[in-house]
Amino acid sequence: MMHTLLPHQLRQDISQLFEHAGVGKEEAEQVAANLVLSNSSGHDSHGVGMAPRYIDAIFEKRLMPGAKVTAHIDHGSLLGLNGHGGFGQTVGVEAMNLAFKKVKSEGACIMSLSNSHHLGRIGHFAEMAVAKGWISIHFVNVLSRPVVAAFQAGDGRFGTNPCCIGIPIGYPMGMENKPLNKPQNKPINNAFILDFATSAVAQGKMRVAHNLGLSAKPGLLIDENGQPTTNPSVVVKAQSNGKFGALLTFGEHKGSGLAIACELLGGALSGGGTWRKEANSARAVMNGMLSIVIDPKAMGQDNFFYPETQAFIDWLKESPPEPGTPGMILAGEPERQARLERETGIEIDETTLKELQASALKVNAIGLFQI
Ligand code: NAD
């Protein structure tokens, strides 16, 4: 069963949930806005359903409200940052803003961020960069549970390691400094925002499918014995032999290779570490991220780059649709479309709603998430 909640009500309730767990008002509002924006963007897997897990991670003392980013490397175009276990929704934004200062002075920035708690939807950071007319590329590893198997392997060894590329399309006229924590009424830009988990499907989507009692498509999962399955529960709760199943990567050896690159760049190069242990019951989800931000103007191509990106996408869009499909869609468009459609209401499944209500009780917050 689904329940429709108003985005502003959901933001308020999530914010109050965090405030009752000791998070400062401003930070609680920023995290809540980011989570609700994920729902609005069509990514319920990275939306408010994560809040109970964040509350548990605060109790575990792995998620550290109020933590700020510090820099251990800061020279030329290089930035090495540590998020000290802070909310990814705040330290991730802080890290990007520090990278943006470098881009202004150096034309580009290579930034690593270690020890961030869950960064949520990585496209959020690419949207911050394209709103300035800049390109941004992100490789992220996930320190939580080894839920994804490498190509032709029989058990999970790493996380859903997202990869994201944001490219402005056409001139970014007057798009600077728009607040991106709030749903936008209009598309932020004609930007290409390719943002995906390297697993064939996001772990959170399997949680949502498990909650709804739905089967997964074939080819996405192996069970606790390494056999193909369509049961999403194998990656949500331990099976009869005490083990979990695993998600497969997308694109066989290619997606598997990209996932490994995310682990090596997001984990080893950032200093946050790679995942090399069995599943445990910790609720915290840590991320490491390597980001590259480039100002096309610094490459001397602004008079060419922006019109050329537009011209190429126009050319692509002229392609006749494959019969029975809406035709070519640019990455980033589904999220912008979802924001328009979900402006007046966000659907939350019954299990997620119950988890939010239980989480509110844990922090003695009365009257939240009532419908
Ligand atoms: P997905 O499979 O829904 O793919 C999303 C991407 O594909 C977007 O760029 C979207 O614009 C594009 N897209 C969707 N339909 C399209 C179409 N028909 N044609 C062209 N492009 C299309 O995403 P996912 O793999 O489920 O990941 C969801 C979110 O989860 C992402 O925002 C990702 O950053 C996030 N994530 C975060 C973590 C973390 O630890 N922080 C881990 C994994 C995933």
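Simple spin-label estimate for Ala282 and Phe312 gives 4.0 nm between the two label positions (7 Å along the Cα-to-Cβ direction from each Cα).
Given a cut-off of 18 Å, name the pairs among Lys61/Lys354; Lys61/Lys205; Lys277/Lys362; Lys205/Lys362; Lys243/Lys277; Lys68/Lys362 whose C-alpha atoms lie farther apart than that in the structure shown.
From Lys61/Lys354; Lys61/Lys205; Lys277/Lys362; Lys205/Lys362; Lys243/Lys277; Lys68/Lys362, over 18 Å: Lys61/Lys354; Lys61/Lys205; Lys277/Lys362; Lys205/Lys362; Lys68/Lys362.
Distance from the Cα centre of the range 339-371 to that of the range 1-53, in angstrom? Answer, in whole Å: 8.
Checking the a/c ratio against 1.5 first, then a/b against b/c, what shape does the Cα gyration tensor give for the chain? It comes out rounded by the Cα gyration axes. Calculate the length of the line joining the C-alpha centroid of the range 73-150 to that of the range 224-242, in whole Å. What the calculation gives is 33 Å, centre to centre. Our estimate of slack between Asp74 and Lys297, defined as 0.36 nm per intervening residue step minus the Cα-Cα distance, is 78.0 nm. Inter-part distance, the range 293-310 to the range 152-172, computed on C-alpha centroids, equals 23 Å. Structure remark: mean-square fluctuation, Gaussian network model of the chain, C-alpha springs under 10 Å; the largest value among Gly22, Gly288, Gly156 belongs to Gly22. Taking a ≥ b ≥ c as the square roots of the eigenvalues of the Cα gyration tensor of the range 201-243, is the shape rounded (a/c under 1.5), prolate (a/b larger than b/c) or oblate? The shape class here is oblate. Secondary-structure-derived ellipticity at 222 nm for the chain, considering helices only, amounts to -10500 deg cm²/dmol, per-run term -39500 (n - 2.57) for DSSP H runs with n ≥ 4. Among the GluC sites (Glu not before Pro) found in the range 288-371, those both in a DSSP coil and sparsely packed, with 15 or fewer other Cβ atoms within 10 Å of their Cβ, are Glu318, Glu343.
Counting only Cβ charges, +1 for Lys and Arg and -1 for Asp and Glu, the dipole size of the chain around its Cα centre is about 680 debye.
What's the Kirkwood radius of the range 31-108 in Å, using all Cα pairs? All intermediate terms of the calculation are to be shown ahead of the outcome.
On the way: mean 1/r = 0.0719 Å⁻¹.
Across the range 31-108, the inverse of the average 1/r is 13.9 Å.
No lab work stands behind these numbers, since they all come straight from the coordinates. All of these numbers come straight from a predicted model, not from anything done at the bench. Cβ atoms come from the backbone with ideal geometry, glycine included; neighbour counts cover every protein chain shown.
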